[in-house]
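Notes to accompany the following structure.
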Amino acid sequence: MFLSKIEPLPIQIDHRLIMKGFPDTDIPNPRAHWKILFRIEPDGSTLVQSQIHPNWANVLPKGAVQTREYTIPTLQQGVRLVFRCAVNATMRRDSDKKDIPVSVDDWFQRRQDLGGNFDVKASSVKRLLDRSGRNYVPICLVMAEGIVTVANPDQFADSLANGIGKRRSYGCGLLSVRKIQES
């Protein structure tokens, strides 16, 4: 896997710009195929995770991005980690098939397929509305941070590689973890 950090820039970082860093292809869904995820951090920088090495040379100013290779860690059941993830904290209402906002705690509780038990300690909400053409896509973007206890290491590794939740092309789903600092 590769992780790129794009410094804050006076341009909008979105899915279209991110995809310009990767080859043109006839693959049906290159974002999913190459496991491309991104997240705008609270400091304005952008993290991009991908399975293939991006080429930012013709996309971003020189020196604006750093890319490094990394391996998804092998984790044991029960290990506790600090996590950060931007999610679209909504659920589909059965009566009219519309997405409605939910609390970030409820969102994580409903996701038993992530391979971990998430304890959200902090979150910030930013509501977005994408108006591409005639389609209006409501996004309830929540930056969630806290502690995760790995319940199923294989499922959790899949969540790290592929992202979690919906709206990944809007900057949701990139799950980052780090060890808890011992004091």
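The values are calculated or read from the model by the stated rules, or taken from the named source; none is laboratory data. Keep in mind the model is a prediction, meaning the values are calculated, not measured. Here the Cβ positions follow ideal geometry from the backbone for every residue, glycine too, while neighbour counts run over all protein chains shown. Note: areas computed on protein heavy atoms with side chains; ligands, DNA, RNA excluded. Shrake-Rupley method; radii C 1.70, N 1.55, O 1.52, S 1.80 Å.
Within the range 79-113, if we keep just the residues that are within 30 Å of E182 (Cα to Cα), in contact (Cβ under 8 Å) with a residue 24 or more places away in the chain and open to solvent by 60 Å² or more (accessible area, probe 1.4 Å), the residue that is nearest to the chain's Cα centre (by Cα) turns out to be R84. Within the range 114-159, if we keep just the residues that are at pLDDT 95 or above and of a type in the set (S, T, Y), the residue that is farthest from L175 (Cα to Cα) turns out to be T149.
Of all residues in the range 19-47, those that are within 13 Å of G163 (Cα to Cα) have Cβ atoms under 6 Å from Cβ atoms of residues that are aliphatic (A, V, I, L, M) and outside any loop (DSSP other than H, G, I, E, B), 6 or more apart or on another chain, in K35/A161; F38/I18; F38/V48; R39/L47; R39/A86.
Of all residues in the range 160-170 being part of a loop (DSSP other than H, G, I, E, B) and surrounded by fewer than 23 Cβ atoms within 10 Å (Cβ to Cβ), which is modelled with the lowest pLDDT?
K166
Selection over the range 1-32 of residues that are at pLDDT 95 or above and among the polar types (S, T, N, Q) gives a count of 1. The strands (runs of 3 or more DSSP E) falling completely within the range 14-77 that include 3 or more residues that are open to solvent by less than 40 Å² (accessible area, probe 1.4 Å) and of a type outside the set (F, W, Y) map to 46-50.
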